[in-house]
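Enquirer: Quick one: the structure is below, questions incoming.
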Amino acid sequence: MTLDEYNSFCASLPATTHVVQWGGAHVWKVGGKVFAIGGWDDGAELAVTFKCSEMSFDLLKALAGCRPAPYLASRGMSWIQRQTGESLDDAALCDYLRESHRLVVVKLTKATRKALRLPAS
């Protein structure tokens with residue numbers, strides 16, 4: 001996945017905002033809360049970090065090309081960083097990004113979800 005493809009996909013999700021911060025990372029938010037972070041790693045591929053369920057975290061952290069997200073996972077949060085598409089292709093990554101967005105949306109207040117015209121659950 002290229003940076004442009006990542007940004008286009010995240011922009012297609014409801015009520016998202018984009019900011020470049022933390023040393024050039026492309027950060028996507030919904031309701032002011034981060035659901036995806038994209039930036040270049042040591043390799044040639046785009047590293048993408050996303051929130052996931054605890055079960056997905058346990059499965060994904062064992063896959064080649066994926067690891068617990070630096071900083072976030074070390075603080076007990078279920079965030080994965082896909083460094084390469086070796087075990088998690090772009091279509092699967094998009095599914096996880098969509099789920100990350102949903103996980104963040106369900107934690108927003110009812111008032112915020114209503115203001116953003118997002119589903120109640």
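FYI, it's all coordinate maths here, none of it is from the lab. What you are looking at is a predicted structure, and each value in this text was computed from that prediction instead of being measured. Cβ placement follows ideal geometry from the backbone for every residue including glycine, while neighbour counts extend to all protein chains displayed.
Enquirer: Around residue 13, what is the net charge, scoring Lys/Arg as +1 and Asp/Glu as -1 over all other residues with Cβ under 15 Å from its Cβ?
Expert: Result for the neighbourhood of residue 13: +4.
Enquirer: Now for a different question. Please report the net charge: other residues with Cβ closer than 14 Å to the Cβ of residue 73, K and R +1, D and E -1.
Expert: +3
Enquirer: Using only the alpha-carbon atoms, how far is helix 90-107 inclined from the longest principal axis of the chain? Give it as 0 to 90 degrees, nearest 10.
Expert: That works out to roughly 40 degrees.
Enquirer: Can you return the lysines within cross-link range of residue 107? Criterion is Cα-Cα under 20 Å, with same-chain partners fewer than 8 residues away left out.
Expert: Within reach: 29, 33, 51.
Enquirer: Another question about this same structure. Please pull out the direction-averaged projected area of the chain, using the convex hull of its alpha-carbon atoms, in nm² to one decimal place.
Expert: So the Cα hull casts an average projection of 7.2 nm².
Enquirer: Let me ask you something else. In deg cm²/dmol, rounded to 500, what helix-only [θ] at 222 nm does the chain give when every DSSP H run of at least 4 residues adds -39500 (n - 2.57) and the total is split over its residues?
Expert: -10000 deg cm²/dmol
Enquirer: Next question. Where does the charge balance sit around residue 2 when Lys and Arg score +1, Asp and Glu -1, over other residues with C-beta under 12 Å from its C-beta?
Expert: Summing Lys/Arg as +1 and Asp/Glu as -1 gives -4.
Enquirer: When you count, for each residue, the other Cβ atoms within 10 Å and take the mean per peptide, how do 18-25, 59-66 rank with the highest first?
Expert: Working: 18-25: 10.8, 59-66: 15.6.
My ranking of the peptides, most packed first, is 59-66, 18-25.
Enquirer: Separate question: Residue by residue through region 12-23, which ³J(HN,Hα) values in whole Hz follow from phi under the Karplus form 6.51 cos²θ - 1.76 cosθ + 1.60 (θ = phi - 60°), with glycine and proline marked x?
Expert: With the stated coefficients, region 12-23 comes to 6, 7, x, 6, 8, 10, 10, 9, 9, 8, 6, x Hz.
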